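Below: one structure, written as structure tokens.
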Number of protein chains: 2
Amino acid sequence: MEAYYIIGLAGSILVTIAYVPQTLKTVLTKHTKDLSLAWLLILAVGLFMYSAYGIWISSIPVIFSSGFGFILVFILLIYKLRYG
Amino acid sequence: MEAYYIIGLAGSILVTIAYVPQTLKTVLTKHTKDLSLAWLLILAVGLFMYSAYGIWISSIPVIFSSGFGFILVFILLIYKLRYG
């Protein structure tokens, strides 16, 4: 496995797990005032489309990262809509 | 161009531009209390590594999306560190 491949893989894993602390913070505090609704809406639609693409091309890394990201962003979106 | 490819491409573009409204909101309001520092730190490192990977494999879409995302997240990170 080449070094650049490991860097790319580690980067994509970090980008995905980065949403865990944000989701935890939002769920625990229920404070969503500083979060942009447009950001969450566009991100949710984008990750949903990206997940569909991953299923289509049968790419487990794409399905896993975008599917996991979608679930977290969807939770954030629900909190944003619920708590403003 | 196949339909699934267009969906994947559109999804990745949406995921990238999603950060524009969040960055605008943060820059305009200077309110960062509800943003998770861990989220921004992990995301910045992940996008930086992903950008390096894109340069390595000479992929313009990867360089553009992760590089653009990195710049926006870096701005958010600076505001978070500055305004808490």
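The numbers here are math on the coordinates, done by the rules we state, and not lab data. Nothing here was measured: the structure is a model prediction, and the numbers come from that model. Heads up, the Cβs are rebuilt from the backbone with ideal geometry, glycines too, and the neighbour counts pull from every protein chain shown.
Looking at (1) surrounded by 21 or more Cβ atoms within 10 Å (Cβ to Cβ); (2) within 24 Å of A:His31 (Cβ to Cβ); (3) within 8 Å of another protein chain (Cβ to nearest Cβ), can you tell me which one B:His31 breaks?
(1)
What do you reckon, is B:Ile7 crowded, with 21+ Cβ neighbours inside 10 Å, at negative phi and at the interface with chain A (Cβ under 8 Å from one of its Cβ atoms)?
no
Find the residue count for region B:49-84, including only residues that are farther than 20 Å from A:Ile13 by Cα and hydroxyl-bearing (Ser, Thr, Tyr).
3
Run down A:Thr16, A:Thr23 and say which single residue is more than 7 Å from every other protein chain (Cβ to nearest Cβ), within 22 Å of B:Ala52 (Cβ to Cβ) and out of contact with any Asp or Glu (no Cβ under 8 Å at 6 or more places or on another chain). Give the steps one after another, and end with the answer.
Numbers: A:Thr23 fails: within 22 Å of B:Ala52 (Cβ to Cβ).
It is A:Thr16.
Residues in region B:52-63 that are out of contact with any Leu (no Cβ under 9 Å at 6 or more places or on another chain) and in contact (Cβ under 8 Å) with a residue 12 or more places away in the chain: how many?
Of the residues in that region, 3 qualify.
Here are some residues: A:Ala44, A:Ala52. Which one is farther than 16 Å from B:Val73 by Cβ and facing chain B (nearest Cβ under 8 Å)?
A:Ala52
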